[in-house]
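The values are calculated or read from the model by the stated rules, or taken from the named source; none is laboratory data. Since the structure is predicted, the reported quantities are computational estimates derived from the model, not experimental observations. Because the Cβ atoms are built from the backbone with ideal geometry, glycine has one as well, and the counts that use them run over all protein chains shown. Each accessible area value is taken on the protein alone, full model and side chains, heavy atoms only, with ligands, DNA and RNA left out. Shrake-Rupley method; radii C 1.70, N 1.55, O 1.52, S 1.80 Å.
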Amino acid sequence: MVLFLFSFKDITDTYGKGHHSSKREEDNRCRRKSSSHFREARKHGRTMLYQLTSHFSRGSKGDVNLSGTMVDKPSVPEYKVAAVQKSRFILLHYSVSKALWDWLILLATFYVAVTVPYNVSFSPHDDSIPASRSTIVSDILVEMLFITDIILNFRTTYVSQSGQVVYAARSICIHYVTTWFFVDLVAALPFDLLYAFNITVTSLVHLLKTVRLLRLLRLLQKLDRYSQYSAMVLTLLMSVFALLAHWMACIWYMIGRKEIETNETWEIGWLHELGKRLETPYINSTVGGPTVRSSYIAALYFTLSSLTSVGFGNVCANTDAEKIFSICTMLIGALMHAVVFGNVTAIIQRMYSRRSLYHTRMNDLKDFIRVHRLPQQLKQRMVEYFQTTWSVNNGIDANELLHDFPDELRADIAMHLNKDILQLPVFKGASRGCLRSLSLHIKTSFCVPGEYLIRQGDALHANYFVCSGSLEVLKDSMVLAILGKGDLIGSDLPGTEQVIKTNADVKALTYCDLQYISVRGLREVLELYPEYANVFTTDIHNNLTYNLREGSQDE
């Protein structure tokens, strides 16, 4: 049915004044006669007509003639999802290129988190490193990456609080400036250019570079994106733990240097003890001592042993400052055990949860067999069936998994899972709605070799479709048919809802994967689609590989 909506409007010069004046007069009349429902409805109708006319006149001005006549093709609005209009200079935050760039920035952030504390702690005391430093090229490259990242963030889409992707360049700039711009700007300050221009660098510049560690806050923002990948989360957690140990080692070395520079306690500091063991002791707290490489390895060894345990005593705290730091390290280690290793344990358990569930159910099955003292033959059948079904579906119950999904989505999933049986010629005349209803009643079954699927004289509850494997139809120890992949066995539906008795046995010869639709569900669907019921009743005789209904052979 096509609805033609005609609307006429005056396009003369007096239209604007006349329209507004008539509108004011009509408003006054409506206020005086507020009880008139007809006038209110007419006013609302005129407003809607005016809005629709304005909308269609903006959409396509050539469809309606100004004299009021229609052209050959009427104006019909198209209801479709509009394509996203964005500039080609806008970068999508979910694109592959942006994901690769984020990983590159993540590696650069970890590089900064490792080198900055090391340079602050060890570089002022390392005579082997020249003033220009050996990592000047890589440091400047990282700074350029951070600056480039700031530029890209001004052109990268984001998701608003309402869940919509924002493509407008102005909104993107405002959002970035009000969120992470200041942190990224401070972290990208080019301190290393001072080395490139041979400017004297003091220890204060090294301390200012620690603000680059603020980039790690961006890492916490993106951790949720990778929380579903167990291996990724495990790698990040262990990296964070190693990074914390590195930071603590740098602080431990700085404490040792301060104790060496103090004339009162320099002889009992951990650095002096390390120097005596390495036969490179300090002389008058200024000359000698272990190398920076040996000192860093010893500091990292102490912090890792303190974070993971209580230490071994070969590198120990002697002064008050060292003991206070050791106490703090042990407390942080206890917290890291709860956070990092607790998560690691949960991740490993999650990785092996399916195997653990298998062993739990297998133990339950064995306990059931032992409590009820089942015979060996029945026990073997139960265990073999359990192992077969688990190897096929990995212990996942599809019906339970899809129970909470909406009916529309469940029907689409069922259509995909059961596409083989729905492509049979008997279902060729069914409508799409009928096929969707049928797919919701289709279930999966398995048979192991030697297992009887149907016994002669039992009530037939379903029609079966062989997806894989081989079965035989037996009657009085005589093989009547061999069934294979693609065969359909079952029964036609009598006119009345009588119980269908089977006329033969069906026994599995190999491992068989079956799909079946219950007779009750089939009757319900055919009642909903009576136009297909007649077609099904006629075609089912020609599509059954073997009819199991008692009396069908005589008919």
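The one condition from (1) of a type in the set (S, T, N, Q); (2) under 31 Å from the mean Cα position of the chain (by Cα); (3) surrounded by 14 or more Cβ atoms within 10 Å (Cβ to Cβ) that Asn394 does not meet is (3). What do you reckon, is Asp513 part of a loop (DSSP other than H, G, I, E, B) and either surrounded by 14 or more Cβ atoms within 10 Å (Cβ to Cβ) or aliphatic (A, V, I, L, M) (or both)? The answer is no for Asp513. Output yes when any residue across the stretch 418-426 is without any contact (Cβ under 8 Å) to a residue 12 or more places away in the chain and exposed (fewer than 14 other Cβ atoms within 10 Å of the Cβ), and no when none is. Checking the stretch 418-426: at least one residue is without any contact (Cβ under 8 Å) to a residue 12 or more places away in the chain and exposed (fewer than 14 other Cβ atoms within 10 Å of the Cβ). Under the condition of being in a helix (DSSP H, G or I) and closer than 30 Å to Thr115 by Cβ, the residues counted in the stretch 142-184 number 18. In the stretch 170-193, the residues that are hydroxyl-bearing (Ser, Thr, Tyr) reach residues that are in a loop (DSSP other than H, G, I, E, B) with C-beta atoms within less than 7 angstrom, at least six apart or across chains, in these pairs: Tyr176/Phe154. Just to be sure, is Val466 of a type in the set (Val, Ile, Thr), outside any loop (DSSP other than H, G, I, E, B), at pLDDT 90 or above and open to solvent by less than 70 Å² (accessible area, probe 1.4 Å)? Yes, satisfied. Every listed requirement among (1) farther than 26 Å from Lys501 by Cα; (2) open to solvent by 60 Å² or more (accessible area, probe 1.4 Å) is met by Cys434 save one, (2). Per the conditions (1) modelled with pLDDT under 90; (2) open to solvent by 50 Å² or more (accessible area, probe 1.4 Å); (3) out of contact with any Gly (no Cβ under 7 Å at 6 or more places or on another chain), the sole criterion not satisfied by His441 is (3). Taking the criterion of being in a loop (DSSP other than H, G, I, E, B), of a type in the set (Ser, Thr, Tyr) and either surrounded by fewer than 16 Cβ atoms within 10 Å (Cβ to Cβ) or in contact with an Asp or Glu (Cβ under 9 Å, 6 or more places away or on another chain) (or both), would at least one residue in the stretch 500-510 satisfy it? Looking for residues that are in a loop (DSSP other than H, G, I, E, B), of a type in the set (Ser, Thr, Tyr) and either surrounded by fewer than 16 Cβ atoms within 10 Å (Cβ to Cβ) or in contact with an Asp or Glu (Cβ under 9 Å, 6 or more places away or on another chain) (or both), one finds at least one in the stretch 500-510, hence yes.
Does any residue in the stretch 382-408 that is touching a residue at least 60 places away in the same chain (Cβ under 8 Å) come within less than 8 Å, Cβ to Cβ, of a residue that is in a loop (DSSP other than H, G, I, E, B) and not basic (Lys, Arg) six or more places away or on a different chain, and which pairs are these? Listed by first residue and then by second, the contacts come to Glu384/Val448; Tyr385/Val448; Tyr385/Glu451; Thr388/Val448; Thr388/Tyr511.
Among the criteria (1) within 29 Å of the chain's Cα centre (by Cα); (2) open to solvent by less than 70 Å² (accessible area, probe 1.4 Å); (3) among the aliphatic types (A, V, I, L, M); (4) at pLDDT below 85, the one Met351 does not fulfil is (2).
Of Arg361, Arg370, Arg355, all but one fail to be farther than 17 Å from Ile260 by Cβ, free of Cβ contacts under 8 Å to residues at least 60 places away in the same chain, touching a Phe, Trp or Tyr at 6+ places or on another chain (Cβ under 8 Å) and part of a helix (DSSP H, G or I); the exception is Arg361. Are any of the residues in the stretch 332-343 surrounded by 16 or more Cβ atoms within 10 Å (Cβ to Cβ), part of a helix (DSSP H, G or I) and modelled with pLDDT under 80? Taking every residue of the stretch 332-343 in turn, at least one turns out to be surrounded by 16 or more Cβ atoms within 10 Å (Cβ to Cβ), part of a helix (DSSP H, G or I) and modelled with pLDDT under 80. Of all the criteria given as (1) surrounded by 17 or more Cβ atoms within 10 Å (Cβ to Cβ); (2) of a type in the set (A, V, I, L, M); (3) farther than 21 Å from Leu548 by Cβ, the one not satisfied by Ile413 is (1).
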